[in-house]
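The values are calculated or read from the model by the stated rules, or taken from the named source; none is laboratory data. It should be emphasised that the depicted structure is a prediction, and the values quoted were computed from it without experimental measurement. Note that each Cβ is placed from the backbone with ideal geometry, even for glycine, and that neighbours are counted across all protein chains shown. Heavy atoms of the whole protein, side chains included, go into the accessibility calculation; ligands, DNA and RNA do not. Shrake-Rupley method; radii C 1.70, N 1.55, O 1.52, S 1.80 Å.
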Amino acid sequence: QVQLVESGGGLVQTGGSLRLSCAASGRTFSSYPMGWFRQAPGKERECVAAISWSGGEKYYADSVKGRFTISRDNAKNTVYLQMNSLKPEDTAVYYCAAGGRTMLVFTTAPNYWGQGTQVTVSS
């Protein structure tokens, strides 16, 4: 059974930083994209960052470019999201995701999802 377990969410002030981690188990994702989505109240879920299996290709939503950095450790089957200069509009539930034949497919329909971790940025 595949599981994606997120950690690192919490409450932070505007301008602060958080680092999200997502550990996968049940199968290896070293050959597949991984990344992060988020969903704020009343809004659709959006892909904020994705990384190819090798780490050579990365995608960022325009709203987080220059502030968020995605990375992965295939030996640990883990993906990370370093979030800096956080803003109140970054407040959302952040979901780890994995799988998909290509990065494009991943950004719209990944195969696996985590349960989500709350990130709240206070003003």
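At-a-glance table
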{"item": "Average accessible area per residue (Å²) across the chain - probe 1.4 Å, nucleic acids and ligands excluded", "result": "52"}
{"item": "Extension gain from GLU44 to GLN3, taking 0.36 nm per residue of separation minus the Cα-Cα distance", "result": "12.4 nm"}
{"item": "By accessible area with a 1.4 Å probe, ligands and nucleic acids excluded, highest first: order of THR120, THR28, THR108", "result": "THR108, THR28, THR120"}
{"item": "Gain upon complete extension [GLN115, LYS58; 0.36 nm per residue less C-alpha separation]", "result": "18.2 nm"}
{"item": "Over the chain: helical MRE at 222 nm, DSSP H runs n ≥ 4 each giving -39500 (n - 2.57), nearest 500", "result": "-1000 deg cm²/dmol"}
{"item": "Longest DSSP-loop-exposure-free segment, trypsin sites (Lys or Arg not before Pro), the chain, at most 16 other Cβ within 10 Å", "result": "1-26"}
{"item": "Low-density loop cleavage sites - GluC sites (Glu not before Pro) in region 26-120, where at most 14 other Cβ are within 10 Å (DSSP)", "result": "GLU44, GLU57"}
{"item": "Sum of side-chain charges, PRO110 neighbourhood, beta-carbon under 12 Å (Lys, Arg +1; Asp, Glu -1)", "result": "+2"}
{"item": "From phi via Karplus (6.51, -1.76, 1.60), per-residue ³J(HN,Hα) for region 19-33 in Hz, x at Gly/Pro", "result": "10, 8, 10, 9, 9, 9, 9, x, 6, 8, 10, 5, 10, 10, x"}
{"item": "Residues with amide H under 5 Å from that of LEU86, placed H, sequence gap 5 or more", "result": "GLY15, GLY16"}
{"item": "For region 53-65, 3J(HN,Hα) per residue [Karplus equation, 6.51 cos²θ - 1.76 cosθ + 1.60, θ = phi - 60°, Hz, x = Gly/Pro]", "result": "4, 8, x, x, 10, 10, 10, 9, 5, 4, 5, 10, 4"}
